[in-house]
Amino acid sequence: MPNLVYDFAAGNKDMKDLLGGKGANLAEMTNLGLPVPPGFTITTEACKVYLKTGSVPPELADEIDHHVDELQRRMGKKLGQADDPLLVSVRSGAAASMPGMMETVLNVGLNDDSVNGLAHQSGNPRFAWDAYRRLIQMFGKTVLGMEGEVFEDALEKAKEAKGARSDLDLDADDLKALVENFKHAVHEHTGREFPQDPRTQMDLAIAAVFGSWNSERAILYRRQERIGADLGTAVNICSMVFGNLGMDSGTGVAFTRDPSTGQQGVYGDYLQNAQGEDVVAGIRNTVPLADLEQIDKASYDDLMRIMATLEGHYRDLCDIEFTVERGKLWMLQTRVGKRTAAAAFRIATSLVDEGVIDIDEALRRVKGAQLAQLMFPRFDADASKEKIAKGIGASPGAASGKVVFTSAAAVEAAERGEKVILVRRETNPDDLHGMIAAQGILTSRGGKTSHAAVVARGMGKTCVCGAEELDVNVAQGTIKVHGSVIEAGEMISIDGTTGEVFRGEVPVVPSPVVQYFEGSLAPDAGDELVESVHRLISHADDVRRLGVRTNADTAEDAARALRFGAEGIGLCRTEHMFLGERRVSVERLILAETDEEREGALAELEPLQRGDFLELLAAMDGVPVTIRLIDPPLHEFLPSMEDLAVKVALARERGEDPGHDAALLVAVERLHEENPMLGLRGVRLGLVVPGLFAMQVRAIASATVELRSQGKDPQPEIMIPLVGAVQELHLARDEVERVLAEVGVAGEIPIGTMIELPRAAVIADQIAEAADFFSFGTNDLTQTTWGFSRDDVEGAFFSRYLEKGIFAVSPFESIDREGVGALVRTGVDRGRATKPELKLGICGEHGGDPDSIHFFHEAGLDYVSCSPFRIPVARLEAGRASL
Ligand code: ADP
Ligand code: MG
Ligand code: MG
C-alpha cells in the first residue's frame, strides 16, 4: 500500500490528484524555500476508502502518529501540551478547486488546559480565548453538524450585552464566558462534551473533511463544473500561525496581477489582528494590500518578493493566502488564480511579451467561452447610472427591462413585446418560462451555482444573483433597497459581468472586441484587450486545421460573417425564401391540382429564388456556399389549421362562402402531421412534390451562370437534407444533375447530403457513393438519436434532467460525444472508406460550441459552420484544438 500521508516537503505541484490542489501547492512552496508552516497531507486515496467504507483505512492512524511525532519534534512543542500547545489546522483540498464547498477547522489542539498555556505563552489571554472559541465554533459546525447560527447568535448576544461593535471589543473574560456558552451549546445539541483530547479532535475533523466531499452543495457544484464524483479530497494538517495576536499581526489575500483586468500591480486585501476566515467572511473591513507597506514594511517587502517568485515559478497569475504573525510572514496557500475573460487574454499576451510563455501556451490559456463573453454589448461607461446594489455576476451581459416578479408576468409582458427583468428571491424550475421570456434574471439569494445562475448561463441569458441588499417581496410586488422601494413595472438594468444593479435604463455600447471584428477598431488603436484578442486569434488562424464557415441565409449575415472571418457558408437554409409575400405562390403550389397549375406556381417562385442566390453568391464571391434544398414540411408555409377551421366555420355560419379558405383548409388537413419533425420533409418532400427541387436547382445554376458572366467566381454547393437511404440520394441527385446539365453547368457544382439521421450515419459508406460531401446536421441527429424533439423538451423537463445530473449540459448545446458523437465518427469513417477525398463538415448549432469543436477536430472533419456571431469563438477553439 502506498503512503497515505506525505510531509509538505515530500510532495510537489504536479501531485494534485493525490494531494489535492492545496496540498500539492503547499508542498511546492515548501520546496521553493518559502515560509510555509510545517505540516503534512493525507491523500485523496485515504478519502476514497473513507467514502467507500465509512471509515478511514486502518493503517492511517499509524502514519498520522508518525507524522505528528515528526511535526512535534520540528516545532518543539506537542499537541495538548499544557504550557505551550502545538495547534494545527485541518484543511480540505481537492484536486479541482471547489471554493467554499468543503470545510476547514482551525486551532485544533486547544482544550480547557492548553488554552491557559497559550494565554501565558503568547502573553495575550484575549487571543487564546478567541482562538478557543473559534475552534469550538468551527468544530461544532463542521464536525458535529450543528447550526452555525447557534454560535453566531451567542456571539451577537455577548456583543450586545457589552455594547461592543466588533469582536475586537470583547476582552478575555468575555471570550472565556463565551467559550463556556459554546461548550454548553455543544452538549445541548449533540448530547456529548466538546472533545478535550487533541488527537480525537484531529481525527474527527479529518473524517468530517472527508465527509464534506459529499455535502449537498459540494455534489451540486461538482455536477455543475463537471468534476468527477469519486475523486475525493485530501486533508492538510498545517501547524497554526496567528494573525490575531495583535495589531502587528494580520491576514490577507493577494493576487500577482489584477484578476479582473490582468494589469500588473499590487492587488489584494489585508486585515489586521484577524484569523484567515475573517477576510472572506467580511466581518470587518479590510484595507487594500498596498497599505501593508505602511503597516509592516518588512512583511510587505517579503510578500512582494515571494509573489514575484511564485509568478516566475508557476508562469501565471497566482492567488495567495498569507498571515503575518508578529511581523513574520507565512504563506498558507497559493494556486493559479481564477480571472475574468478580459484578464485571461491580457495576461496571456503579457506573459508572452515578458518571455515567460510562448504564443502556443498563451492560446491554450484562453477559451472560446471567454471570447464570447467579451463580445457581449456592455453598459456605456460614460452614461450616468444609479447603482442600487451589487450581487454576483452569474451570467454575463448587460440587460435592461421592467421589473416583473412572476414567470407569468414575464411571459405576458414579453408577448406584448416588452423587455423585462425577472426578479426573485431565488428561482426554481417552475420559473423557466419566465426566464426564457425575460431579458435578464436578478435574484437576491444564491451564488454562482444557484438555479438561476446555472440555468441562465445555460441559456446565455444575463443574470445577477445573490444581490443581498435587495429585499424582494414577490407577494407585495416590491423590492426594498436602502430605504427606497422599486415596484413592478419600473425599469432596472443589470450587469451580468460585474453583478451591478442599476435603477432605470442604462444605454449599451458594442464591445470593443466586436468593433475590432467588425473592422471599425484597429488592433493597434491602443486598446490593450483588443490587441491581445487580435494576436491570439491570428495565431489560432495560423495553427488551426478546421475550416470555419457560417450559417447564413441573407447577404447581410453573410457579409458580417465574412468580416468575422468566415471562410464560406456551411449552411444556407432556403425556407425563409418561401415566406412573406411569396406565401401566395407557395399556397398556389400546394393547392395545385394539375401539372400546369403547379408549374405556374414554381415559375413564379424561380426568379425570386434566383434573386436570393444572386445576392448571396455575390456577397460570398470566391468562397463556397452550401445551399440546402428546402427542408421543412410544406404545412409550415400555410396558416394554422385551427385558425383556418374557425374562419371557415364562422363564414359558413354567417351563410357566406368561405371560398379560397375552404380549399386551403382541405390542403392543410391533408398535410397535417402528428410529428412533423419525423414527417414529409427534406428529401422526402423533394421526391414527392414534382418540380420543387428542380426549381431551386435551376435558380442556383442560373444565378451561377449569370454571376460568372459578370466575371465573378460563385461557388455554390447543393445539399440534400434528411437522407436516410442511398436510393433517396440517387433519385434526388439524378434530378439535380439533369437540371444542371440543362442549364449548362453539368458537373460544375458539387452535390452532397446532410447526415442527420442515425441510419444515414450507419450506412454512410453507401451514401458516400452518391455524395460529393457530407455535412453533419447535429441538431436533427441529436433529436433523432435521443428520440426527443428540441422544441418540446427544452422547457418541459431539461432543467430537471440537468438538476438530476442526467445531462451535465444540454445535448443540443454541446455534442453528446458518446451517443451522437459515435454516430458522427461512424459517418466519417464509413464515408471516407468509400471516398477518401470526401469533404466533411458540420452545420448544427454545435458548430459554435467550444467543446464540440474540439470533438469535430478529433473526429477529422474539414470544417465547422456556425452562426456569424460565433465565428470568432470557432476560430479560436479550432486553433486551440490543433495545439
Ligand atoms: P478554503 O479552501 O476555504 O480557503 P483553507 O483551508 O484555505 O480553506 O482555510 C480557511 C482559512 O484559514 C484561510 O484563510 C486560511 O488562510 C486560514 N488558515 C488555514 N490554515 C491555517 C493555519 N495553519 N494558520 C493560520 N491560518 C490558517
Ligand atoms: Mg484557502
Ligand atoms: Mg436538419
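One table, with the values for the structure above:
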{"quantity": "Ranked by how many other beta carbons lie within 10 Å on average, peptides 630-643, 123-136 from highest", "calculated": "123-136, 630-643"}
{"quantity": "Selection from Gly496, Ala522, Gly547 lying farthest towards where the dipole of the range 480-575 points positive, charges on Cβ", "calculated": "Gly547"}
{"quantity": "10 Å binning of all Cα-Cα separations within the range 1-136, expressed as whole percents from 0 upward", "calculated": "12, 35, 35, 16, 1"}
{"quantity": "Cβ crowding within 10 Å averaged over residues, with 140-150, 155-165, 777-787, 55-65 ranked highest first", "calculated": "777-787, 140-150, 55-65, 155-165"}
{"quantity": "Beta bridge orientation in the chain: antiparallel %, DSSP, nearest 5", "calculated": "65 percent"}
{"quantity": "Principal-axis tilt of helix 148-162 within the chain, Cα atoms, nearest 10 degrees", "calculated": "50 degrees"}
{"quantity": "Selection from Val423, Ala771, Val648, by position along the positive dipole direction of the chain (Cβ)", "calculated": "Val423"}
{"quantity": "Where the Cα pairs of the range 589-691 fall when distances are cut into 10 Å bins, in %", "calculated": "13, 33, 31, 17, 5, 1, 0"}
{"quantity": "Dimensionless Rg/Rh of the range 250-336 - Kirkwood Rh, Rg from C-alpha atoms", "calculated": "0.94"}
{"quantity": "About the Cα centre, charge dipole magnitude for the chain (Lys/Arg +1, Asp/Glu -1 at Cβ), debye", "calculated": "1260 debye"}
{"quantity": "Mean Cβ count within 10 Å, highest first, over the residues of peptides 403-416, 857-870", "calculated": "857-870, 403-416"}
{"quantity": "Cα gyration tensor of the chain - equivalent ellipsoid semi-axes, whole Å, descending", "calculated": "62, 30, 26"}
{"quantity": "Point-charge dipole on Cβ atoms (K/R +1, D/E -1) for the range 250-336, about Cα centre, debye to 20", "calculated": "140 debye"}
{"quantity": "C-alpha long axis of helix 16-31 to longest principal axis of the chain, angle in °", "calculated": "50 degrees"}
{"quantity": "Rounded if a/c under 1.5, otherwise prolate or oblate - the range 376-509, Cα gyration tensor axes", "calculated": "rounded"}
{"quantity": "Relative contact order %, the chain, counting alpha carbon pairs below 8 Å whose residues are six or more apart", "calculated": "9 percent"}
{"quantity": "The chain: angle of helix 341-353 to the longest principal axis, Cα-based, in degrees nearest 10", "calculated": "80 degrees"}
{"quantity": "Sorted largest first, extent of the range 527-649 alpha carbons per principal axis (Å)", "calculated": "66, 32, 24"}
{"quantity": "Mean-position separation - Cα centroids, the range 372-425 and the range 588-615, in angstrom", "calculated": "45 Å"}
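Read-outs: derived from the displayed coordinates by stated rules, not from any lab. Just so we're clear, the structure is a prediction, and the values are computed from it rather than from any experiment. Quick reminder, even Gly has a Cβ in these numbers, built from the backbone with ideal geometry, and neighbours come from all protein chains shown.
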